[in-house]
Structure formats: C-alpha cells, structure tokens
Amino acid sequence: MSTKYSKIAVFTSGGDAPGMNAAVRAVVRTAIYHDIEVYGIYRGYEGMIDGDIKKLTKGAVGNIIHRGGTVLRTARSEEFRTVEGRAEAAKQLKKHGIEACIAIGGNGTFTGALKFSEEHQIPFIGLPGTIDNDIYGSDYTIGFDTAINTAVDCIDKIRDTAYSHSRLFFVEVMGRHAGYIALYSGIASGAGSIFLPETETPLDDLIDRLNKAAKRKKLFNMVVVAEGNQNGTAEEIAAKVAARTNHETRVTIIGHLQRGGSPTAQDRVLASQLGYSAVHALLNGEKNVAIGIVNDEIAITPFNDAIYKAKPMNDDMLRMAEILAL
Ligand code: F6P
C-alpha cells in the first residue's frame with residue numbers, strides 16, 4: 001500500500017439505506033487497524049459545513065451492524081450545491097486535519113464529492129448506499145436487498161387480503177427513476193404485471209391480459225408499480241383500469257417502510273466488504289472513485305462513470321418476468 005493517511009472521515013448522505021451502519025463500522029475498524037484515525041461527519045454534507053465532526057473509536061461502532069438507518073444521520077444538503085457551501089465544508093475538514101473522506105450514498109452524494117474534491121483537492125472514495133440499486137459500477141447497492149425483502153413481505157401480506165376479496169391491487173414501490181426494486185420485488189412476489197421506468201407497458205396490454213386471465217379464471221390480483229414508471233402513479237393506473245374493467249381495485253403505497261428495518265445478512269456482508277475495500281483503495285492511492293462489486297469481485301469505478309453512466313437492466317430478467325407472469 002503506497003499512500004499514507006493519518007486522519008480520514010466517513011459520512012452517510014442522501015436517503016438512508018439499511019446496511020449503512022455496517023459500512024461505517026467496516027471503514028472505522030479497517031482504518032484503525034491501519035493506524036489511521038477516523039472521524040464521523042454527522043448529517044452528511046450539512047454536518048460537514050457545520051463542523052459536526054467527531055472522532056470515532058472501534059467501540060463507537062459496536063452494536064450497530066444490525067441497525068437500520070444511519071447512526072451518523074443523513075441529509076440532502078442544498079447549501080453544499082453552492083461554491084460557498086463547499087468552501088465552508090473544506091474549512092471544517094482542514095480544521096480537523098482530515099486528509100480524505102469516504103462517502104456512503106447515492107448519485108447525488110457522488111456528484112457532490114467529485115465537485116468538492118476537484119475544488120479542494122481532498123480525495124474521496126464513494127460507497128454505493130441507496131435502496132434504489134441504480135449506481136453504475138456495482139451489481140448491488142447497500143440497502144437494496146433489505147428494501148426488496150421488505151417490499152416482498154408487504155406484498156405477500158397484501159396478497160392474502162387481495163385473494164380473500166378477489167380484488168386487484170396496485171402496489172407502488174420506491175426506486176426514483178430506476179425500476180430495480182419493482183422488478184425484483186415483482187418477480188419474487190409473483191406479480192401479474194410490473195410497471196417499470198425502463199420499459200413501456202401500454203395500459204391496453206394490461207387490460208387485455210386481465211380480460212384473458214378472467215376468462216381462464218386465472219388469479220390475477222397483484223400489479224407492482226415503480227414510482228418512476230411511464231404510466232403515472234399507482235392511483236392513476238388503478239383508476240384507469242377500474243374504469244375499463246370489472247375489477248375492484250385497491251392501491252397500496254409501501255413508501256418509506258422500504259427504507260427502514262434491520263439490514264439483511266446480504267446487505268451487512270456487502271457493506272462490510274465495501275467499507276473494508278474503501279480504506280484499502282485509499283491506501284492504494286485511489287481517489288474520486290466508487291467501490292462496488294461486479295460478478296463477486298471488488299470493482300473500482302471513476303466517479304464520472306458511476307455518476308453519469310446508466311446501469312443497464314438485464315434484458316433476460318425483464319423477459320423472464322413477463323414469461324413467468326403469463
Ligand atoms: O433514493 C432513495 C429514495 O427512497 C427513492 O427511492 C425515493 O424516490 C426517494 O428516496 C424519497 O426521498 P425522500 O425520503 O426525500 O422523500
């Protein structure tokens with residue numbers, strides 16, 4: 001390992017995601033193992049600007065691996081988008097003697113990190129922490145597995161009442177502009193149809209399939225709707241379907257339930273691997289890169305690619321979802 005650091009900082013930013021705490025723990029313990037002091041920046045970029053920065057010990061990150069949310073708290077900072085805000089943040093980092101930062105968050109977090117390090121020459125390493133799974137350079141993001149398990153748990157429960165009442169449910173899941181949560185939770189819960197931002201799903205096709213299913217007496221009571229899909233909200237789609245069919249429709253928006261809860265083992269392991277690798281990446285002289293996992297191997301992706309390249313959906317998964325729902 002070629003580069004020496006004596007003080008680094010770690011923070012979480014943007015929407016919280018289950019597993020962020022496991023990543024913080026891994027960063028802190030790996031850094032301390034290499035005789036590096038670690039500071040926690042509280043409330044993301046907001047806390048960086050305000051100087052809400054405290055030293056973290058090995059013990060400070062004990063008993064957090066199983067907790068959802070983020071013990072470092074988080075924020076979406078408007079001030080950090082300004083040159084003045086970033087200059088204030090740089091002053092605070094310099095005051096604390098911080099030589100590099102590890103940022104855990106999504107696309108907005110990486111965009112802020114890249115801008116900041118270009119202006120203030122402090123190296124950043126990014127870890128993909130978002131339930132949306134929409135970051136190029138990692139097959140999975142921290143929090144995604146927990147979020148889809150929560151969504152599937154909710155959908156399974158809704159299915160009980162949907163079946164009992166012969167109702168057609170439209171369940172809206174999160175994901176912002178990405179359909180990963182919808183695709184995976186839809187496949188795992190056996191949804192009859194999945195509305196995604198990445199693909200067109202004409203309403204006529206759904207109605208046609210509903211009518212055919214009714215003729216065959218096939219049970220069709222679950223449609224999973226990604227919040228960013230092209231046909232509108234689950235409420236809007238359900239209203240249109242109700243107006244054109246005999247189905248009694250209901251809508252459930254799972255919402256922020258998907259962001260909470262104890263991380264799954266998979267998210268804890270992923271977060272640990274990424275946190276551990278982030279410290280090693282810094283020591284190997286990397287800067288302004290995101291650490292991910294691709295095909296079970298650690299992958300290092302320049303921020304510019306992680307931020308701007310779209311993460312393609314697997315076409316075969318999309319096709320499979322359609323075939324299995326027939
Ligand atoms: O990016 C994570 C996410 O949960 C998205 O899926 C969702 O669109 C958004 O954040 C909600 O943001 P907020 O918590 O600020 O309402």
Per-region count, segment 295-326, residues within 17 Å of residue 137 (Cβ to Cβ) and either in contact with a strand residue (DSSP E or B) (Cβ under 9 Å, 6 or more places away or on another chain) or of a type in the set (Asp, Glu) (or both): 12
Selection from segment 43-54 of residues that are among the basic types (Lys, Arg) and within 16 Å of the ligand (Cβ to nearest atom): 43
Residue pairs meeting the criteria (Cβ under 6 Å; at least 6 apart or on separate chains; first touching a residue at least 40 places away in the same chain (Cβ under 8 Å) and within 13 Å of residue 274 (Cβ to Cβ), in segment 11-31; second small (Gly, Ala, Ser) and within 13 Å of the ligand (Cβ to nearest atom)): 17/129; 17/143; 19/143; 20/129
Filter result (part of a loop (DSSP other than H, G, I, E, B) and within 16 Å of the ligand (Cβ to nearest atom)) within segment 8-42: 13, 14, 15, 16, 17, 18, 19
Hey, residue 151 out of contact with any helix residue (DSSP H, G or I) (no Cβ under 8 Å at 6 or more places or on another chain), within 12 Å of the ligand (Cβ to nearest atom), assigned by TED's automatic domain parsing to the domain that holds residue 245 and not in a loop (DSSP other than H, G, I, E, B) or not: no
Qualifying residue in segment 258-268 (condition: within 15 Å of the chain's Cα centre (by Cα), small (Gly, Ala, Ser) and away from the ligand (no atom under 16 Å from the Cβ)): yes
Lone qualifier among 275, 292 - being assigned by TED's automatic domain parsing to the domain that holds residue 24, farther than 22 Å from residue 153 by Cβ, away from the ligand (no atom under 16 Å from the Cβ) and in contact with a helix residue (DSSP H, G or I) (Cβ under 6 Å, 6 or more places away or on another chain): 275
Residues being within 16 Å of the ligand (Cβ to nearest atom) and assigned to a loop (DSSP other than H, G, I, E, B) - total across segment 193-215: 3
Which listed residue is crowded, with 19+ Cβ neighbours inside 10 Å, among the hydroxyl-bearing types (Ser, Thr, Tyr) and out of contact with any strand residue (DSSP E or B) (no Cβ under 8 Å at 6 or more places or on another chain), from 272, 262: 272
In segment 38-89, the residues that are surrounded by 18 or more Cβ atoms within 10 Å (Cβ to Cβ) and in contact with a strand residue (DSSP E or B) (Cβ under 6 Å, 6 or more places away or on another chain): 38, 39, 40, 41, 44, 47, 48, 53, 56, 70, 72, 74
Residue in segment 243-260 that is touching a Phe, Trp or Tyr at 6+ places or on another chain (Cβ under 7 Å) and in a helix (DSSP H, G or I) present: no
All positions within segment 104-122 that are away from the ligand (no atom under 15 Å from the Cβ), modelled with pLDDT of 95 or more and touching a Phe, Trp or Tyr at 6+ places or on another chain (Cβ under 9 Å): 113, 114, 115, 116, 122
Residues (more than 10 Å from residue 169 (Cβ to Cβ), touching a residue at least 12 places away in the same chain (Cβ under 8 Å) and away from the ligand (no atom under 16 Å from the Cβ)) located in segment 216-229: 219, 220
When residues of segment 123-142 are limited to those that are among the small types (Gly, Ala, Ser) and more than 9 Å from the chain's Cα centre (by Cα), the one farthest from the ligand (Cβ to nearest atom): 137
Residue satisfying all of: in segment 163-192; buried (at least 22 other Cβ atoms within 10 Å of the Cβ) and in a helix (DSSP H, G or I); nearest to the ligand (Cβ to nearest atom) among these: 181
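The values are calculated or read from the model by the stated rules, or taken from the named source; none is laboratory data. Just so it is clear, the model here is predicted, and its values are computed rather than measured. Glycine also receives a Cβ, built like all others from the backbone with ideal geometry; neighbour counts cover every protein chain displayed.
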